[in-house]
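Have a look at the structure below, then the notes.
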Amino acid sequence: MSDQFNCWQCGKALEGVILPLSRREACAECHADQHVCKMCVFFQDSGRGDCKEERAEWISDRERANFCDYFKPATGVRNKSAQSANEQALAELAALFGDAPTSNNQAEKQPQERPKTAAEIAEQQLRDLLGG
């Protein structure tokens, strides 16, 4: 077989895949289901997980095996580090207005400071006043 299928979750090569891909097919490495939306050529990662196939029924869980009649397994490895359509649109918008693009990864790395309560402010002022 010339098509090389890789697990959508861990990227390992799937050995001995028989087409059409069974709903019960799973990765030998990470045990992830393979007959899933994220393994399909029609999957579009636009933040909502839309399907490009107009006639396909709505699937709520994109990472669980399903019975979609339009499922067609994607070949190759999907790059998880690639920008999603949403991130790419935000970067283009920021570039248009001359702003620095923000990414979700940077927001996750920097801890969010919560506003101080009145008691914490008073305590800090008292420590500053007493030099402690």
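In table form, for the structure just shown:
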quantity	calculated
Top-ranked residue in region 94-106 [being open to solvent by less than 90 Å² (accessible area, probe 1.4 Å) and modelled with pLDDT of 60 or more; ranked as nearest to the chain's Cα centre (by Cα)]	Pro101
Filter pass, Glu53 being open to solvent by 50 Å² or more (accessible area, probe 1.4 Å), assigned to a loop (DSSP other than H, G, I, E, B) and modelled with pLDDT of 85 or more	no
Qualifying residue in region 111-119 (condition: modelled with pLDDT of 85 or more and within 24 Å of Gln4 (Cβ to Cβ))	no
Test: Gly131 is at pLDDT below 85 and either more than 21 Å from Phe5 (Cα to Cα) or out of contact with any helix residue (DSSP H, G or I) (no Cβ under 8 Å at 6 or more places or on another chain) (or both)	yes
Pair list, Cβ under 6 Å, 6 or more apart: region 83-104 residue within 23 Å of Gln44 (Cα to Cα), other residue among the acidic types (Asp, Glu) and modelled with pLDDT under 75	Ser84/Asp45
Residue match in region 15-31 (condition: in contact (Cβ under 8 Å) with a residue 60 or more places away in the chain, assigned to a loop (DSSP other than H, G, I, E, B) and open to solvent by 70 Å² or more (accessible area, probe 1.4 Å))	no
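The values are calculated or read from the model by the stated rules, or taken from the named source; none is laboratory data. What you see is a predicted model; the values in this text were computed from it and never measured. Backbone-built Cβ (ideal geometry, glycine too); neighbour counts: all protein chains shown. The protein model used for the area step is the full one, side chains on, heavy atoms only, and it has no ligands, DNA or RNA in it. Shrake-Rupley method; radii C 1.70, N 1.55, O 1.52, S 1.80 Å.
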